[in-house]
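The values are calculated or read from the model by the stated rules, or taken from the named source; none is laboratory data. Bear in mind the structure is a predicted one, so any value in this text is a computation, not a measurement. Heads up, the Cβs are rebuilt from the backbone with ideal geometry, glycines too, and the neighbour counts pull from every protein chain shown. Areas reflect the complete protein model, heavy atoms only, side chains present, ligands, DNA and RNA absent. Shrake-Rupley method; radii C 1.70, N 1.55, O 1.52, S 1.80 Å.
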Amino acid sequence: MPEETADVVIVGAGAAGAAFAWSLAETRMKIVCLEQGGWMNPAEYPSSRADWELRGFGDFGLSPNARGRPEDYPINDAESPIAISNFNAVGGSTILYAAHFPRFHPSDFRAHTLDGVGDDWPIQYETLEPYYDENARMMGVAGLAGDPAYPPKQVPLPPVPLGKLGETLGRGFNRLGWHWWPSDSAIATVEHAGRAPCVNLGPCLTGCAQGAKGSTDVTYWPEAVRRGVELRTHCRVREITVGENDMADGVIYYDAEGVERRQKAEVVVIACNGVGTPRLLLNSRTAHFPEGIANRSGLVGRNLMFHPYAMVQGVFDEALDGYKGPMGCCIMSQEFYETDPGRDFVRGYSFEITRGMGPVGAAISGMSSGSVPWGPDHHRSYADLFNRTTGMVVICEDLPEPQNRVSLDPELTDSNGIPAPKIHYRLSENSERMLEHGVARGREVLEAAGARETSAQAPLPFAGWHLMGTARMGSDPSRSVVNEWGRSHDVRNLFIIDGSIFVTAGAVNPTNTIQALALFIADQIKQRLDSLFD
Amino acid sequence: MAADTASSEISETQMRLFAGVLDAIIPPGEGGAHPGAGEIGLGEILLQKVPELTPVLVQGLAVLREELENRQVADFAALAEDEKHALLEQVGVREPGFLPGLLFHTYANYYQQPRVLEALGLEARPPYPRGYELEAGDLNLLDPVRKRPRLYRRC
Ligand SMILES: Cc1cc2nc3c(=O)[nH]c(=O)nc-3n(C[C@H](O)[C@H](O)[C@H](O)COP(=O)(O)OP(=O)(O)OC[C@H]3O[C@@H](n4cnc5c(N)ncnc54)[C@H](O)[C@@H]3O)c2cc1C
Ligand code: SF4
């Protein structure tokens with residue numbers, strides 16, 4: 001049976017796809033979203049079982065290669081010091097994310113003008129401001145107004161509890177005179193839009209059984225579906241097809257039974273994240289686009305940015321209750337965010353205070369580091385660490401470099417035989433210096449807070465969870481893949497709306513900005529319906 | 001059932017030896033505050049939950065038995081803790097796959113057991129659905145930060 005032509009087909013139902021679909025749905029256009037994963041069942045999330053921590057190494061692991069769920073696709077990241085971390089389902093990687101939800105700074109859109117590195121964005125903080133506000137309402141952002149690190153902003157819900165741990169570290173920052181503030185968090189701290197409030201379970205990184213964490217399967221998607229968007233799950237898109245005049249005319253995908261199907265559409269929107277999107281574009285080759293669709297600039301896949309992470313931990317004498325509360329959301333510091341010419345690196349980083357580990361996590365991490373040995377000393381060493389260890393991650397701004405990129409692996413394929421992505425990445429000297437600075441300052445603050453010993457790891461090898469830059473936006477078609485409002489320079493009815501279009505990476509978690517951009521692009525489309533393809 | 005098949009590959013004598021090994025990895029705490037890993041029957045649990053451990057375990061236990069015979073030791077459990085440690089390290093040298101997997105699964109499963117969690121002063125339950133109470137904390141601690149001038153760059 002021939003499929004009906006959709007007005008809009010969206011590929012990917014994660015953070016960006018969800019926000020975009022919800023916004024565009026008010027036009028009453030026929031919108032179809034194709035997602036390779038399925039709906040998650042929160043009742044099956046690990047936190048309701050005794051082995052909840054272990055499943056974070058198994059079917060809720062960070063790496064798709066190790067996790068190997070049927071909806072996952074392999075990623076060759078063997079040559080990268082930072083491995084890719086994602087999730088493939090309705091909600092995308094927000095199923096696993098920590099929901100730490102800061103905004104970019106105004107200066108993040110002006111890195112070239114201010115600091116002579118990267119490029120300026122073709123839009124500014126003010127362009128996204130109303131969309132940050134809209135996203136805060138839809139995702140349910142908790143936080144505290146008045147942060148001097150940001151222009152005034154709306155924060156609809158009260159902040160996540162500091163707990164003993166947040167207070168202890170807050171005092172440490174105060175002793176050094178450094179900035180800190182309760183983290184903006186996409187976590188319903190009180191009942192919000194039908195979502196039950198957070199009950200401080202802890203393991204947000206294996207899915208929130210309570211439904212308090214703002215993953216898009218519980219925020220945007222129910223509303224978008226109610227507004228008439230058709231969300232087709234277990235549909236993996238192989239390629240975007242192009243018809244006459246270099247216009248996209250739809251996509252080819254495999255359905256849940258592995259049957260090849262075609263979805264025709266007037267507008268094609270890609271939201272597969274900073275690795276999945278370039279993979280799809282590079283896999284879509286035609287005579288007119290021998291290097292992949294929308295890739296006349298040669299920049300598809302290039303300028304891959306992560307945020308290189310370090311983890312700095314301290315051991316305290318007193319119990320800190322670190323296994324309670326949203327594990328990635330407590331307080332943050334942006335003391336070292338903006339460029340300071342007195343430092344040996346350009347741009348900056350954030351500290352995100354993480355809480356502590358549960359009993360199994362503490363044991364395994366103590367075993368790996370050698371601080372909890374087996375044998376007679378076991379219990380004493382474990383008691384020294386468990387519930388007494390906390391710390392932070394250092395989130396460094398990565399600079400765009402063309403040699404850091406996503407290409408197609410010549411051999412590796414997914415279960416449908418579609419070529420898999422390959423990651424080429426090396427840490428820049430600037431990032432290395434920034435990591436070193438962040439680790440040293442992290443130790444200082446932990447010591448100021450009372451830590452009796454500290455340890456650090458940099459870069460964190462599993463922290464490739466912020467995926468940006470691989471189809472950057474800009475006004476010059478030779479130096480960017482999409483224009484100022486997300487439309488491909490080469491294919492005028494093809495839009496890209498995820499972190500791929502970031503020009504620079506900022507030094508904060510990107511999802512709030514990804515979604516604000518997706519909402520902005522949806523509004524641009526609504527406003528330009530009469531001249532969309534001109 | 002996989003678990004039954006797995007445990008049936010291990011004799012009762014081997015199971016006793018295995019329990020001794022587990023107690024050497026995580027021994028009972030002083031004054032009985034914390035149970036030993038063998039004492040709480042972690043051996044049965046591991047064989048059931050991690051059947052892929054069985055072959056390397058059988059192999060490792062056989063090497064341990066040999067080492068005990070060489071040293072004319074009849075009862076592994078009766079050795080002093082540091083002697084047990086040295087012997088298991090020796091088995092690890094001869095059978096490199098033995099210790100890493102066994103240690104990981106012992107740590108990972110021991111700290112899920114209700115008796116162990118209670119001994120740590122925790123409630124023996126998964127986090128969901130009851131969750132935890134957590135104090136909001138004193139936001140007055142932010143007063144010095146509130147007094148600071150703007151930290152972001154205008155552009
Ligand atoms: C462990 C972890 C912790 C994180 N913590 C934070 C945090 O605290 N704060 C923060 O801001 N960010 C965090 N992130 C990152 C955040 O999850 C991502 O930035 C965000 O989800 C990206 O949104 P997206 O829509 O671009 O992609 P995703 O959310 O990854 O969604 C992409 C979707 O596209 C689908 N897809 C891909 N290819 C195809 C195809 N060919 N056909 C059909 N469907 C396809 C995928 O299945 C997936 O569902 C974290 C991520 C992880 C993994
Ligand atoms: S801590 Fe809160 S947000 Fe995190 S999993 Fe628990 S209930 Fe959900």
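Assorted remarks:
- Helices in chain A, meaning DSSP H runs of at least 4 residues, each add -39500 (n - 2.57). Divided by all residues, the mean residue ellipticity at 222 nm is -7000 deg cm²/dmol.
- Residues of the stretch B:101-122 buried by at least 20 Å² of accessible area upon assembly of all protein chains, compared with the chain on its own (1.4 Å probe): B:L103, B:F104, B:Y107, B:A108, B:Y111, B:Q112, B:L120, B:L122.
- Of the whole protein surface, A:T216 contributes about 0 Å² of accessible area at a 1.4 Å probe radius.
- The stretch B:2-125: relative contact order as a whole-number percent, Cα under 8 Å and 6+ apart: 27
- The loop-placed chymotrypsin sites (Phe, Trp or Tyr not before Pro) in the stretch A:250-345, going by DSSP, include none that has at most 13 neighbouring Cβ atoms within 10 Å of its Cβ.
- Relative contact order (percent, whole number), the stretch A:407-534, Cα cutoff 8 Å, 6+ residue spacing: 14
- Formal net charge of residues neighbouring A:W39 (Cβ-Cβ distance under 13 Å; K, R +1; D, E -1): -3
- Note on A:F533 and A:R227: the model spin-label points, each 7 Å out from Cα along the C-beta direction, lie 2.4 nm apart.
- Interchain or long-range residues, amide H under 5 Å from A:T413's placed H: A:A420
- Heavy-atom surface analysis with a 1.4 Å probe gives chain A a carbon and sulfur content of 49 percent of its accessible area.
- For the protein assembly as shown, DSSP calls about 70 percent of its internal beta bridges antiparallel.
- The alpha-carbon of A:K264 sits under 23 angstrom from the alpha-carbons of these lysines, leaving out residues fewer than 8 places away in its chain: A:K30, A:K526.
- On a per residue basis, chain B carries 51 Å² of accessible surface, using protein heavy atoms and a 1.4 Å probe.
- Loop-located GluC sites (Glu not before Pro) in the stretch A:67-152 whose Cβ has at most 14 other Cβ within 10 Å (DSSP): A:E79
- Taking Cα centre as origin and charging only the Cβ of basic (Lys, Arg, +1) and acidic (Asp, Glu, -1) residues, the dipole magnitude of the stretch B:2-125 rounds to 220 debye.
- In a DSSP loop and with at most 15 other Cβ atoms within 10 Å, the chymotrypsin sites (Phe, Trp or Tyr not before Pro) in the stretch A:3-42 are A:W39.
- Heavy-atom accessible area for B:E135, with the other protein chains in place and a 1.4 Å probe, reaches approximately 90 Å².
- Cα gyration tensor, the stretch B:2-125 - rounded (a/c under 1.5), prolate or oblate: oblate
- Amide H contacts for A:W39 (H built 1.01 Å from N in the peptide plane; partners 5 or more residues away or on another chain; cut-off under 5 Å): A:V90.
- Per residue, chain A exposes 32 Å² of accessible surface when a 1.4 Å probe is rolled over the protein heavy atoms with every protein chain present.
- Reduction of at least 50 Å² in accessible surface, 1.4 Å probe, comparing all protein chains with the chain by itself, residues of the stretch A:186-217: A:L201
- Interface burial for A against B (accessible surface, 1.4 Å probe, total of both chains, Å², rounded to 100): 4900
- Cα pair distances in the protein assembly as shown, grouped into 10 Å bins until the bin that holds the longest one, percent each: 3, 15, 24, 24, 18, 11, 5, 1, 0, 0
- Cα centroid separation - the stretch B:14-56 against the stretch A:326-393, whole Å: 30
- Cα centroid of the stretch A:223-287 to Cα centroid of the stretch A:176-193, whole Å: 36
- Cα gyration tensor shape for the stretch A:220-265, rounded if a/c is under 1.5, else prolate or oblate: oblate
- Going from the isolated chain to the complete set of protein chains, the stretch B:135-155 loses at least 50 Å² of heavy-atom accessible area (1.4 Å probe) at B:E135, B:L139, B:L141, B:L142, B:V145, B:R148, B:L151, B:Y152, B:R153, B:C155.
- Rounded to whole Hz, the Karplus (6.51, -1.76, 1.60) HN-Hα couplings of the stretch B:100-105, x for glycine and proline: x, x, 5, 5, 4, 5
- Accessible surface of the stretch B:2-125 [probe 1.4 Å, protein heavy atoms]: carbon and sulfur percent: 51
- Under the criterion of Cα pairs below 8 Å and six or more residues apart, the relative contact order for the stretch A:1-134 equals 19 percent.
- Cα centroid separation - the stretch A:483-511 against the stretch A:54-88, whole Å: 24
- The Cα atoms of the stretch A:276-349 give a gyration tensor whose axes a ≥ b ≥ c have a/c of 1.5 or more with a/b no greater than b/c, which makes the shape oblate.
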